[in-house]
1. Working carefully through the options 12, 43, 62, 28, find the one that is at pLDDT 90 or above, touching a helix residue (DSSP H, G or I) at 6+ places or on another chain (Cβ under 6 Å) and not in a loop (DSSP other than H, G, I, E, B).
2. State whether the residues of region 196-207 include one that is away from the ligand (no atom under 11 Å from the Cβ) and without any contact (Cβ under 8 Å) to a residue 24 or more places away in the chain.
3. Got at least one residue in region 248-258 being within 16 Å of the ligand (Cβ to nearest atom), more than 24 Å from residue 167 (Cβ to Cβ), in the same structural domain as residue 290 (by TED's automatic domain parsing) and more than 22 Å from the chain's Cα centre (by Cα)?
4. May I ask you to list the residues in region 126-147 that are without any contact (Cβ under 8 Å) to a residue 40 or more places away in the chain and loosely packed, with under 13 Cβ neighbours inside 10 Å?
5. Right, residue 253: at pLDDT 90 or above and farther than 13 Å from residue 190 by Cβ or not?
6. For residue 120, all conditions in the list (1) over 19 Å from residue 9 (Cβ atoms); (2) touching a residue at least 60 places away in the same chain (Cβ under 8 Å); (3) assigned to a helix (DSSP H, G or I) hold save one; what is the number of the exception?
7. With respect to residue 192, is the statement that it is within 16 Å of the ligand (Cβ to nearest atom), in contact (Cβ under 8 Å) with a residue 12 or more places away in the chain and either over 19 Å from the mean Cα position of the chain (by Cα) or outside the structural domain of residue 79 (by TED's automatic domain parsing) (or both) true?
8. At pLDDT 90 or above, part of a helix (DSSP H, G or I) and exposed (fewer than 15 other Cβ atoms within 10 Å of the Cβ): is that true of residue 305 in this structure?
Ligand SMILES: [Zn+2]
């Protein structure tokens with residue numbers, strides 16, 4: 001079930017009406033707002049009009065909405081990242097990250113509060129532990145917890161916790177920063193690849209053969225490719241890195257030689273693939289961009305089955 005269907009069901013349950021009713025109200029609301037609001041956004045408005053306040057309820061991770069400011073979830077820590085230090089505007093601080101999972105999905109949780117972080121550092125919370133989080137804010141598809149948020153241990157068990165990244169099938173016109181999106185789309189524009197160098201040991205970007213962590217190294221050359229994809233509802237500027245570029249049907253030589261690339265470039269136009277990745281805001285241009293993490297072939301049988309099931 002996608003997040004919209006979950007949301008509709010949740011509102012329907014809380015309001016004591018049928019899901020069909022909610023969906024009709026959502027469509028009416030969207031029509032009234034000339035389609036300027038997403039289905040999720042319209043559902044939230046409909047929910048509020050019916051007196052359903054989702055921010056007061058404990059939700060499943062897949063039910064979290066991009067605009068929530070007081071989210072309440074429970075889950076298992078399935079991945080814990082090292083605490084990082086940062087300094088910004090002369091202030092020193094620490095930030096901690098982990099991936100929280102329940103049986104509906106998973107999400108990255110970002111901790112900003114020194115007390116919460118000290119609990120992690122003291123190993124009060126470890127990988128595999130269940131925690132309850134409330135008063136957390138959704139931001140760019142992550143759950144952020146400030147000093148106003150609560151983090152406490154939970155006895156709940158999450159045996160079917162979803163640990164792999166979940167991409168949701170969505171129309172490109174509805175793409176919002178923070179979403180993990182999957183789209184079957186055509187390539188409508190391809191730009192020349194750009195190159196950069198990375199450290200062979202840690203994979204991080206190096207400048208003039210110097211890695212911040214490993215000193216002078218023999219760098220490896222990597223490529224990134226910008227393209228525009230279109231699914232019929234809208235188009236989106238996208239970026240692909242490394243190995244995934246080869247899934248477009250290019251080989252290494254064609255990726256790393258502009259001459260060979262330009263010979264092949266036009267043959268990529270009009271190709272249809274299944275693209276999965278993260279929608280982000282490109283802060284340099286303040287545009288929405290799709291960072292593609294996975295490219296899969298369109299499976300004709302699967303599409304035929306889908307179409308037949310609609311007959
Ligand atoms: Zn390195």
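The values are calculated or read from the model by the stated rules, or taken from the named source; none is laboratory data. Quick caveat: nothing in here was measured; it's all calculated off a predicted structure. Reconstructed Cβ throughout: ideal geometry from the backbone, glycine too, with neighbour counts over all protein chains shown.
1. Details: 43 fails: at pLDDT 90 or above; 62 fails: at pLDDT 90 or above; 28 fails: touching a helix residue (DSSP H, G or I) at 6+ places or on another chain (Cβ under 6 Å).
Within the list 12, 43, 62, 28, the selection yields 12.
2. Looking through region 196-207, at least one residue is away from the ligand (no atom under 11 Å from the Cβ) and without any contact (Cβ under 8 Å) to a residue 24 or more places away in the chain.
3. Taking region 248-258 as the starting set, the residues that turn out to be within 16 Å of the ligand (Cβ to nearest atom) are none.
No, the conditions are met nowhere in region 248-258.
4. Here is the first cut: in region 126-147, the residues without any contact (Cβ under 8 Å) to a residue 40 or more places away in the chain are 139, 142, 144-147.
If the condition is that a residue be without any contact (Cβ under 8 Å) to a residue 40 or more places away in the chain and loosely packed, with under 13 Cβ neighbours inside 10 Å, then 147 is the only one that fits.
5. yes
6. The failed condition is (2).
7. Details: within 16 Å of the ligand (Cβ to nearest atom): no; in contact (Cβ under 8 Å) with a residue 12 or more places away in the chain: yes; either over 19 Å from the mean Cα position of the chain (by Cα) or outside the structural domain of residue 79 (by TED's automatic domain parsing) (or both): yes.
No: the conditions fail for residue 192.
8. No: the conditions fail for residue 305.
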